[in-house]
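*Asks:* Sending over a structure as structure tokens; questions will come in a sec.
The values are calculated or read from the model by the stated rules, or taken from the named source; none is laboratory data. Source: prediction; values computed, not measured. Don't worry about glycine lacking a Cβ; one is built from the backbone with ideal geometry, like all the others, and counts go over all protein chains shown. Heads up: the accessible areas ignore ligands, DNA and RNA and are worked out on the full protein's heavy atoms, side chains in. Shrake-Rupley method; radii C 1.70, N 1.55, O 1.52, S 1.80 Å.
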Amino acid sequence: MIRIILFLLLIALAAAGAAWLADQPGDLVLNWGGLRFTSKQPMYLLGLVVVVAMVAGVILRGLWKIPSHIRRGRRERRHARGRHAITQGLLAIGHGDSSAARAHAEVARRHAGGDPLALLLHAQSAQLDGDRDGAQRAFRAMAEREDTRLLGLRGLFIEAQRADDPVAAVMIAEEALKMSPSSSWASHAVLGFCCAKGDWAGALSIIDNNQSAGLIDKATYRRQRGVLLTARALEFETVDRDLSRSSAMEAVKLAPTLIPAAVLAAKFESEAHQVRRAMRIVETAWLAQPHPDLADAYSHVRLGDSARQRLVRVETLAAKKPGHIEGALAIARAAIDAAEFAKARAALQPFVTAPTQRVALLMAEIERTEHGDSGRARAWTLRAVRALHDPVWTADGYVSDRWRPVSPVTGRLDAFQWQTPVAALPSDKGHAIEPSPFEEAMLAPRRVEPPKEAASELEVRPVEPVEVKPVEVKPVEVKPLEPAAPTVQDNAPLPAAIEAEPAPAPSVSAAPEPAPAPAAESAPPAPAPLFRSRADLPKAAPAPIPAVIPIIRAPDDPGVDEDGPVDEFAEQIGPPKAQVGGWRGFLSRLGS
């Protein structure tokens, strides 16, 4: 508005001046060489003089500014070439052409050396070539400038990490965090360093700054603060009980499903005789993620309880998550402690067909504790070696035996998860280790011995000739002296019909020799220790086996422990050498 008013005032003044000149009397004469201009109106001639003066001034001004225009044009052309080189260099870095990136970086350095993007192109081309010194020089030059200081610090931080210099990396990250508190990479690096050296107060302050700066939302802030408080409570559990208790209780309030926090808080509540509160804490975490530590804390929530009382409490906890393997394992563990082996077997029964390592080890402990059967216990132990892995604390492919607040690989907070490690996941390929014959035999169902009445009846009953099955002597015709391929170990004794034969005959006979019958009648009946059921044995009670074969027991039968307890894990882990079964094995042993 003011400019419009001033413009109108100037026009009015110019019009007034022109009117005043027109009113003045007189002649205006201009002599220039041979030219003579005369005007009765001086105004027109004065206007012509003004116009000529203006044109001359414009020409002189243009001549005066020609050098500056030339310099500015050259500068613009250099800047354009530099920008073009920067663009092409960044594109070359994007598709991995190190030679082109280096050439464009040199062009950009000559034509646009002061451009921040030229410094960035030079640094990244040096990184692509593996020139760490050149990259550090470029990033250091960027860190000295005010506009690229944060970018230069980030590059120096990355180079310090590549050089495996954590001290320099943390110092650079701390400087960047002071300059820009909202820098996520700097806060992440300083947070990981604080957690590594146990500075929980500093880590908590960084979490608070991240939440106030808007880097994390409220739910993430509560979870991460609960993780840090849990780590501090675990560290000061034996040093400062009051600080540990307050940290654990605050952590449970912030993250109720965090397993270590729930276990530690339940322990403190149990010590304070707050049993119901401790049970509620464990139940909340159990519903989110069943864990063996939660089951152990729940079973010992009341001090001084017996093993049977702990078993009842664990069954109550497992019922809140029915069908879960952790509940079954917790019940089996408590049942073994309470000598309730039937409940332990019933709890593990749904998982016996494809057991995990913990299931197999619990089954081995049941066999050893209940029956003292070291053979079946050893078989379950061998099966545990090749069984599926149980869930463990895993973070970024790193497996830990305990929970940790940050990942040792990437420094990420709250990275550990209770899950099966990636290397132990099942695949579509076959098993690398096949089950051994010893394992199959020892894990077969138990055979129930016939009652004494049935055994006495079997003593009087003679051996019928139908059971001899003379057709089964035909395998003798197939070259018994040539080596036969090893087959699956036969831990069961030979059938009664075959053992009734005193020796194999070279020709097929329709009737067996009568000599073994009196021997069978005179031999004392003794039930054979069968390890597994055979398809070729009758379903009824087995007939008495005459003592014809000199081998009393199978080579892999552990027998009676006469020399005291044996270290099962000191023995060779692997399938024993299998003997040839059937007629071929009988003939090979007879010939030897």
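*Asks:* Show the residue pairs that are 6+ apart or on different chains and have beta-carbon atoms under 8 Å apart, the first residue being within region 371-382 and without any contact (Cβ under 8 Å) to a residue 40 or more places away in the chain, the second being crowded, with 19+ Cβ neighbours inside 10 Å.
*Replies:* Close Cβ pairs satisfying both conditions: Asp373/Glu367.
*Asks:* From the residues in region 178-192 that are closer than 21 Å to Ala231 by Cβ and crowded, with 20+ Cβ neighbours inside 10 Å, which one is nearest to the chain's Cα centre (by Cα)?
*Replies:* Gly192
*Asks:* If the Cβ limit is 7 Å and pairs must be 6+ apart or interchain, which residue in region 155-181 that is more than 16 Å from Val409 (Cα to Cα) pairs with which residue that is of a type in the set (Ser, Thr, Tyr) and assigned to a helix (DSSP H, G or I)?
*Replies:* Once the first residue is more than 16 Å from Val409 (Cα to Cα) and sits in region 155-181, its partners that are of a type in the set (Ser, Thr, Tyr) and assigned to a helix (DSSP H, G or I) give Leu177/Ser187.
*Asks:* Does Gln309 satisfy the criteria of being open to solvent by 80 Å² or more (accessible area, probe 1.4 Å), free of Cβ contacts under 8 Å to residues at least 12 places away in the same chain and more than 32 Å from the chain's Cα centre (by Cα)?
*Replies:* Answer is yes for this residue.
*Asks:* Which pairs have Cβ atoms under 7 Å, sit 6 or more apart or on different chains, and link a residue in region 107-132 that is in contact (Cβ under 8 Å) with a residue 24 or more places away in the chain to one that is hydroxyl-bearing (Ser, Thr, Tyr) and in a loop (DSSP other than H, G, I, E, B)?
*Replies:* Cβ pairs passing all conditions: Pro116/Thr148; Leu119/Thr148.
*Asks:* Specify which of the listed residues (Leu46, Leu90, Leu63, Leu30) is surrounded by 10 or more Cβ atoms within 10 Å (Cβ to Cβ) and modelled with pLDDT of 80 or more.
*Replies:* Of Leu46, Leu90, Leu63, Leu30, the one residue that is surrounded by 10 or more Cβ atoms within 10 Å (Cβ to Cβ) and modelled with pLDDT of 80 or more is Leu90.
*Asks:* Now for a separate question. Within region 378-400, which residues are small (Gly, Ala, Ser) and crowded, with 21+ Cβ neighbours inside 10 Å?
*Replies:* Result: Ala379, single match.
For (1) assigned to a helix (DSSP H, G or I); (2) buried (at least 20 other Cβ atoms within 10 Å of the Cβ), each residue gets a yes or a no:
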| site | (1), (2) |
| --- | --- |
| Glu250 | yes, no |
| Ala266 | yes, yes |
| Thr284 | yes, no |
| Asp305 | no, no |
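*Asks:* All but one of (1) among the charged types (D, E, K, R); (2) modelled with pLDDT under 90; (3) open to solvent by less than 50 Å² (accessible area, probe 1.4 Å) hold for Glu370; state the number of the condition that does not hold.
*Replies:* (3)
*Asks:* How about region 339-364: which of its residues are buried (at least 22 other Cβ atoms within 10 Å of the Cβ) and closer than 10 Å to Ala328 by Cα?
*Replies:* Ala344, Ala347, Leu348, Val359 - these are the residues of region 339-364 that are buried (at least 22 other Cβ atoms within 10 Å of the Cβ) and closer than 10 Å to Ala328 by Cα.
*Asks:* Okay, next question. Against the condition closer than 30 Å to Ala135 by Cβ, open to solvent by 80 Å² or more (accessible area, probe 1.4 Å) and without any contact (Cβ under 8 Å) to a residue 40 or more places away in the chain, how does Arg71 come out, does it pass?
*Replies:* For Arg71, the condition - closer than 30 Å to Ala135 by Cβ, open to solvent by 80 Å² or more (accessible area, probe 1.4 Å) and without any contact (Cβ under 8 Å) to a residue 40 or more places away in the chain - is not met.
*Asks:* Right, next: Among Ala103, Ala126, which is the only one that is surrounded by 15 or more Cβ atoms within 10 Å (Cβ to Cβ), touching a helix residue (DSSP H, G or I) at 6+ places or on another chain (Cβ under 7 Å) and in a helix (DSSP H, G or I)?
*Replies:* Ala126
*Asks:* Taking only region 324-335 into account, find how many residues are part of a loop (DSSP other than H, G, I, E, B) and open to solvent by less than 20 Å² (accessible area, probe 1.4 Å).
*Replies:* 0
*Asks:* Additional query: Being open to solvent by less than 50 Å² (accessible area, probe 1.4 Å) and touching a residue at least 60 places away in the same chain (Cβ under 8 Å) is the filter here; which residues of region 201-248 pass it?
*Replies:* Of everything in region 201-248, those that are open to solvent by less than 50 Å² (accessible area, probe 1.4 Å) and touching a residue at least 60 places away in the same chain (Cβ under 8 Å) turn out to be Gln224, Val227, Leu228, Thr230, Ala231.
*Asks:* I need the full set of residues from region 394-409 which are farther than 17 Å from Gly198 by Cβ and touching a helix residue (DSSP H, G or I) at 6+ places or on another chain (Cβ under 8 Å), in order please.
*Replies:* Thr394, Gly397
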